Amino acid sequence: MVAIKVLWKFQLRKHNVEHQLRREIEILAHLRHKHIIRLYCHFHDKERIYLVLEYCTGGEVFNKLRDDGEFSEQETARYIYQLATALNYCQSKHVIHRDIKPENLLFDDENNIKLADFGWGVHAPDSRRMTMCGTLDYIPPEMIEKKKHDPTVDVWALGVLMYEFLCGTPPFESNEQKDTFRKIRNVKFVFPGHVSPAARDLICKLLNKDPSKRLALDALPNHQFIAKYVKTKHRKSNSSCSSR
């Protein structure tokens, strides 16, 4: 059983996103990971383009988060670990997703996360890009400041996602765009009381304004928050970041 994503050619031309679709197809066709949605093939007729994709019976993570309000720490640790392995694989292939958010994540029939929608993705062997892209609440400081960015933009987004999983809303959410940008630039956010010290520590390490100091994805499985809930092959001791 598969899912077929149908796209109208006139809509792609109207919104000038043909290049994004070509890029998404090219990237997905070369990715093979258990936590990344599989593209089996694609074809087209006069009016439409069809992407034949792995069918994820659990639907969008966005819908589950909306229904549940927030996820437990155990659920969050499992989902963030799975995404980190997928993103680490992407980095090994020089692929940056650049639009990680609950709407672009799916659940399979065993409640495992699948990374989907690579429309903003890019294959960047030089690892330095200038394009401002993605979703407002997930944009990192370097994009707002119009600096070059690298694969660590996905690490930042993982931190935003983890906060949203635990708290129900993104950390920098505001009514006005300028306020959201100001909070992101200053990395200004507040933890609700129910978020554990270990969870806060991991979010701190992911949401570091300095891209070079963000936690490496291959180190994430060894963090105390992940190690507490997820059985991983290798574990090391971790030092804590200072409290905010």
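Any read-out appearing in this document is the output of simple, stated calculations on the displayed coordinates, not a laboratory observation. Nothing here was measured: the structure is a model prediction, and the numbers come from that model. Cβ: placed from backbone, ideal geometry, glycine included. Neighbour counts: every protein chain shown.
Per-residue packing, averaged as other Cβ atoms within 10 Å, sorts the ranges 213-223, 173-183 into the order 213-223, 173-183, beginning with the highest. Beta bridges from DSSP with both residues in the chain: antiparallel share about 95 percent, rounded to the nearest 5. Between beta-carbons, use under 14 Å as the cut-off and find the net charge around residue 7, counting Lys and Arg +1, Asp and Glu -1. Value of the local net charge: +3. Pull up the cross-link candidates among the aspartates and glutamates for residue 64, meaning alpha carbon to alpha carbon under 17 Å and not fewer than 8 places away within one chain. Counting by Cα, and skipping residues close in sequence, residue 64 has these aspartates and glutamates nearby: 73, 75, 103, 108, 109, 110, 164. Sorting 153-160, 188-195 by average packing, meaning the other beta carbons within 10 Å per residue, from highest down gives 153-160, 188-195.
Tally Lys and Arg at +1 and Asp and Glu at -1 over the other residues with C-beta under 11 Å from the C-beta of residue 212: what net charge comes out? Net charge around residue 212: 0. Peptide packing: for 18-30, 138-150, the average count of neighbouring Cβ atoms within 10 Å per residue gives the ranking 138-150, 18-30, highest mean first.
Could you tell me which of the pairs 93/114; 101/231; 148/213; 183/228; 183/205 are separated by over 19 angstrom between their Cα atoms in the structure shown? Check vs 19 Å cut-off fails for 101/231; 183/228. Local charge for residue 50 was computed over the other residues whose Cβ lies under 12 Å away, with Lys and Arg +1 and Asp and Glu -1, and equals +1. To the nearest 10 degrees, how steeply does helix 152-167 sit against the main Cα axis of the chain, on a 0 to 90 scale? Helix 152-167 sits roughly 70 degrees off the main axis of the chain. Using θ = phi - 60° in the Karplus curve 6.51 cos²θ - 1.76 cosθ + 1.60, the 3J(HN,Hα) couplings for segment 196-201 round to 5, x, 5, 5, 4, 4 Hz; x is entered for Gly and Pro.
For segment 1-123, what is the percent of antiparallel DSSP beta bridges, rounded to the nearest 5?
95
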